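See structure below.
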Amino acid sequence: MGSSVSVFLWIVLVIAAFIVLSIFFYYVPFVLWITAKASGVNISLIQLFLMRLRKVPPPVIVGAMIEAHKAGLKTITRDQLEAHYLAGGHVERVVHALVSAEKANIDLSFQMATAIDLAGRDVFQAVQMSVNPKVIDTPPIAAVAKNGIQLLVKARITVRANIKQLVGGAGEETVIARVGEGIIASIGASETHKEVLETPDSISKVVLKKGLDAGTAFEILSIDIADIDIGKNIGAELQMDQAQADKNIAQAKAEERRAMAVASEQEMKAKAQEARAKVIEAEAEIPKAMAEAFRTGNLGIMDYYKMKNIQADTDMRENIAKPQKPAK
């Protein structure tokens, strides 16, 4: 029974010792300190311990210091790396960029590298792009020459990073948009689409002279026309649309004139009916006037018969004057 208790106590002691040693070497990374010393980096165990308390990972800082020391960048200090890490930056990426810039003889200071990194850009990739330019393919750009033929152009833009403009400079989208605008303007100034097809390099030269990389994070090295396709005949389509519009306008005006003629005819008919109504009304007053004339003695029987004879004679003359319809 006693032996079992002693074994159990030994196991507990071993586990406790393991836990204590793990905590100790976590806060005091002795092996990392030996590695730093072996690499020529001067850093103390107290500094490594304080890094843990400040929640700064010592392996990241020590690894960056070793890389910078081996590359000859001895001006980079531990405090600078810690400050950049606490600011939310990528320490390893910045050191990689500084080492690459040093080897490529590119003027890049630690302050500029950290500013670029904190601005959200990949400073290491930017340095690589300065050495090895990047090719950007544009989507199809539709442009129309003066003769109305549409051309679909694809361009290939070769750029390299402009280190000094990475902070606050425009990105790839702006470069593509400016190049597209320049291609559209160049093709639009061409008399015919055949000129563009014969000398596509003329577009590149015109666009490249406009300084489209101003205010961007890139320097445009070349603009090459990769492909040109013939699209629609925009001029013919516009003429057809204009002809259709003119036709619709003419039809609308003709319909307006017809409606005005119908309205005028209806107005004349209304006036004629109004005149006939007035005539009928006047004729209805004749018997009253004749009766009044008989009562007052102004009209006699013989005068009445003479008037009726004249009226009958007039009706007969009108019937004789009318053209006779041919017998069927």
With every protein chain left in place, what is the accessible area of H84 in Å² (1.4 Å probe, nearest 10)? 10 Å²
Which value at 222 nm does the chain reach when only helices count, each DSSP H run of 4 or more adding -39,500 (n - 2.57), with the total divided by all residues and rounded to the nearest 500 deg cm²/dmol? -21500 deg cm²/dmol
With a ≥ b ≥ c taken as the square roots of the eigenvalues of the C-alpha gyration tensor of the stretch 69-128, please select rounded if a/c is under 1.5 and otherwise prolate if a/b is larger than b/c or oblate if it is not? oblate
Residue-level accessible surface for I66, protein heavy atoms, 1.4 Å, Å²: 30 Å²
So what are the three principal axis dimensions of the chain from its Cα atoms, in whole Å, longest to shortest? 168, 75, 43
Under a straight-distance cross-link criterion of Cα-Cα below 27 Å, which lysines are reachable from K209, leaving out those fewer than 8 residues away in the same chain? K134, K146, K154, K164, K194
Average accessible surface area per residue within the chain, 1.4 Å rolling probe, Å²: 66 Å²
Run the simple label-point estimate for T77 and I15 please: 7 Å along Cα→C-beta, distance reported in nm. 4.7 nm
For I310 paired with K209, estimate the spin-label separation in nm (one decimal), with each label point 7 Å from Cα along the Cα-to-Cβ line. 10.2 nm
Accessible surface of the chain [probe 1.4 Å, protein heavy atoms]: carbon and sulfur percent: 60 percent
Residue-span extension gain [I234 to E92] - 0.36 nm each, minus C-alpha spacing: 45.6 nm
Ratio of the stretch 178-218's C-alpha Rg to 2.2 N^0.38 Å, to two decimals? 1.24
Kirkwood Rh over alpha-carbon pairs of the stretch 86-182, then Stokes-Einstein at 10 °C and 1.306 mPa s: what D in µm² s⁻¹, rounded to an integer? 104 µm²/s
At 4 °C and a viscosity of 1.567 mPa s, what translational diffusion coefficient does Stokes-Einstein give for the stretch 169-248, taking Rh as the Kirkwood radius over Cα pairs? Give it in µm²/s as a whole number. 88 µm²/s
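The values are calculated or read from the model by the stated rules, or taken from the named source; none is laboratory data. Small disclaimer: the values here were computed from a predicted structure and weren't measured. No Cβ is skipped: glycine too gets one built from the backbone with ideal geometry, and neighbour counts run over all protein chains shown. These area figures cover heavy atoms from the full protein model, side chains too; ligands, DNA and RNA do not enter into them. Shrake-Rupley method; radii C 1.70, N 1.55, O 1.52, S 1.80 Å.
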